[in-house]
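Let me begin by presenting the structure, written as structure tokens, before commenting on it.
The values are calculated or read from the model by the stated rules, or taken from the named source; none is laboratory data. All of these numbers come straight from a predicted model, not from anything done at the bench. Please note: Cβ atoms are built from the backbone with ideal geometry, for glycine as well, and neighbour counts cover all protein chains shown. Heads up: the accessible areas ignore ligands, DNA and RNA and are worked out on the full protein's heavy atoms, side chains in. Shrake-Rupley method; radii C 1.70, N 1.55, O 1.52, S 1.80 Å.
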Amino acid sequence: MTRPRTLYEKIWDAHVVEQRPDGTALIFIDRHLVHEVTSPQAFAGLRASGRTVRRPDLTLAVADHNVQTTARLDAAGNRLPIADPESAAQLAALEKNAPEFGIRYIDAVAPEQGIVHVVGPEQGFSLPGTTIVCGDSHTACHGGIGALAFGIGTSEVEHVLATQTLLLQPSKTMEVRVEGDVGPGVSAKDIILHITGVIGAAGGTGHVIEYTGSAIRALSIEGRLTVSNMAIEGGARAGLIAPDETTFEYLKGRPYAPKDADWDAAIAWWKSLATDPGATYDKVVVIDAADIAPSVTWGTSPEDVVPITGVVPDPASFADPSKQTAAAKSLAYMGLEPGTRMQDVPVENIFIGSCTNSRIEDLRAAAAVIKGRHKADNVRWAIVVPGSGLVKAQAEAEGLDRIFTEAGLEWREPGCSACLAMNPDKVPAGERCASTSNRNFVGRQGPGSRTHLVSPAMAAAAAVTGKLTDVRELMA
Amino acid sequence: MTPIEKVEGRAIPLGLKNVDTDVIIPAHWLKTTSREGMGRGAFESLRADPDNLFDSAEYKGAPILIAGDNFGCGSSREHAAWAIGDLGIRVVIAPSYSDIFSGNAVKNGILPVVLPQAAIDRLMEVAATDPIHVDLDTQTVTTPFQDRFAFEIDPFRKMCLLEGLDEISLTEKSDAAIAAYEQQLDADRPWLRPAA
């Protein structure tokens, strides 16, 4: 009898092409997602060495980081140019490279275009038990459907394009078990913000995290993608959530997903992947769901998390001297005083979107809070950016776009938008943003920008009141 | 990739923990289709301070960087390694790295040395006045004051750095194994080929 294995170990074992004596393994990659920022140098490398793409059928390209979220077509249906010449050049490179190397490419004006980590699961291109890579750290997102998915650098993008494999060392395993029921107003984003606060930004380094427990199991696929998306913010290489009926229900009938007899065979294999009873992890963290409140970041690391009912911490309150220094620097950058109630912090900008929180469920949660209300006068800029064209169409069919626009928020075209300051959507220096994205790093939303990470419902609450707000106070 | 064996010189005593890839190279420097010239944008927000270490008389062009826990966290952007390399840095010394950054570093001929915080604290002191010596072959960091810190590195990474290896060429030697795997995969999980 074989020894009990974790979900991660089963996926790893099923993908070993060649085990090397030095401990590394050549791992087969089932799905490669490509976007415009980290691929041009990889394609240039292939071209320079006369190599081709080994498995174009397992590769899918989408532009998302640089695309504008304002109109892409004029009234006559002609493509509007991207104003920034460097952004335009990256898009042009992908548009040229994809067909030249025989790769499927979802055009920037195609109805399915969107953020690569929204498009993958939505198209059924990302599947449970597969290995998925992309030149983007938030590839961890696809772990929400039970795929071993992780971000890679451009040299590795080139390696996968050329060989459909990667040379890897196995990761250690970590279980983060969230047991119990979350309270009202607490979403998947609050769960992952809370987890990141507990384990720290380096807590998962060297590990792949499997999220387990009744609170995780109760999440929709949208919620699971949100949790796994931010595994990287806890330092982990990847996040994983075992596929179950919720996963199968979500994937059934999606364009690239298996069909008919293939579907049944796929499900049988997916069901065999769950961690065996008796399997052990290198590290285990247990969290009581009842301890999780709507959460918000105060600093410039995703580990700088407090409940919305909390206050800005005093750097002296941290035991670790290097954390004290980091907290003091964070507060200076964020323009916050220790002891300030988080609910007293005003915000001028609202961003609802990103690969963390731009799916239909996120937009519904934000709209439920916004409905019948209006954004506060001090909120200068508030944008809602769906994660894909299909999410946008669904939201419009449900009338969510009108709820946002009637409240004074802008309804945009899909893309990465104000997550990372590579396109025109930026937060000005010195201004604050309540953001549903995944990073609050220095300068992340633009030089000098100040980011507070929150859930979609919390971002909507902040839009209405003009300050960080406990969404539970706005719930009927 | 340029091979690396021994590096001696001044070490920039940055010391900060959680230095993320947005700090190493902000996103607006990523809007290029080349790997070159990233050093200009390296540590841009820190270098906005005229008294920053990177541009100081003692440390400009220093081949070693000393940092705190979780160096290179955040994005998978290899531009972070390109930027550090373009500054002339060949070795980073820190208690821990993000997994993606350390992989990217090795692929660009940059050695990520892992040492415990106590060793980092001592090297930060030495770096204020004196050079540091890093020897990949013997896996040691030494100072002019008889300090000697041994570090671990996995054998494959060590070989890549010492030989300046091209990983794609190495993997291409396993072409038959990859083809055999693909054939078996088609038999075991035929539904994996995308339907559309």
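Below, the figures for the structure above:
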item	result
Inter-probe distance in nm under a simple model that places probes 7 Å from Cα toward Cβ, at B:Lys6 and A:Asp13	4.7
A:Ala238 long-range amide H proximity, modeled H, under 5 Å	A:Ile209
Mean-position separation - Cα centroids, region B:161-196 and region A:385-446, in angstrom	39
Unit charges on C-beta of K, R, D, E only; dipole of the protein assembly as shown, Debye	560
Shape box of region A:296-473 [Cα atoms, principal axes, largest first, Å]	53, 34, 25
Quarter of Cα convex hull surface for region A:195-290, i.e. mean projection, nm²	7.1
Portion, in percent, of the accessible area of region A:7-168 that falls on carbon or sulfur, probe 1.4 Å	58
Rg(Cα) / (2.2 N^0.38 Å) computed for region B:6-164, rounded to two decimals	0.96
10 Å Cβ neighbours from other chains, averaged over peptide B:13-26	5
J(HN,Hα) series, region A:187-199, from Karplus relation 6.51 cos²θ - 1.76 cosθ + 1.60, nearest Hz, glycine and proline x	10, 4, 5, 5, 4, 6, 5, 4, 4, 4, x, 6, 8
FRET efficiency for A:Ala48 and B:Glu163, using Cβ-Cβ distance with R0 set to 22 Å, rounded to 0.05	0.60
Cα-based Rg of region A:83-163 normalised by 2.2 N^0.38 Å, two decimals	1.16
Residue-wise HN-Hα coupling along region A:377-383, computed from phi with Karplus coefficients 6.51, -1.76, 1.60 (Hz; x: Gly, Pro)	5, 7, 7, 7, 9, 9, 10
Percent of C-alpha pairs per 20 Å bin, chain A, short to long	25, 58, 16, 0
Between region B:35-78 and region A:332-352, the alpha-carbon center distance in angstrom	28
Area hidden from solvent between B and A (accessible, protein heavy atoms only, 1.4 Å, total, Å²)	5400
Restraint check, A:Lys426/B:Lys107; A:Lys10/B:Lys158; A:Lys96/B:Lys31; A:Lys271/A:Lys392, Cα-Cα greater than 22 Å	A:Lys426/B:Lys107; A:Lys10/B:Lys158; A:Lys271/A:Lys392
Amide H contacts under 5 Å for B:Tyr97, placed H, 5+ residues apart	B:Asn70, B:Phe71
Shielding by partners - mean other protein chain Cβ count within 10 Å, residues of B:157-166	1
Loop-resident sites, region B:1-96, for trypsin sites (Lys or Arg not before Pro), counting at most 14 other Cβ within 10 Å (DSSP)	B:Lys60
Principal axis box of region B:1-53, alpha-carbon based, largest edge first, Å	34, 30, 22
Per-residue ³J(HN,Hα) for region B:161-172, Karplus 6.51 cos²θ - 1.76 cosθ + 1.60, θ = phi - 60°, Hz, x for Gly and Pro	5, 5, 9, x, 6, 8, 5, 5, 4, 4, 5, 4
Rel. contact order, % - alpha carbon contacts under 8 angstrom, at least six apart, chain A	17
GluC sites (Glu not before Pro), loop per DSSP, at most 15 other Cβ atoms within 10 Å - longest free stretch of chain B	B:59-151
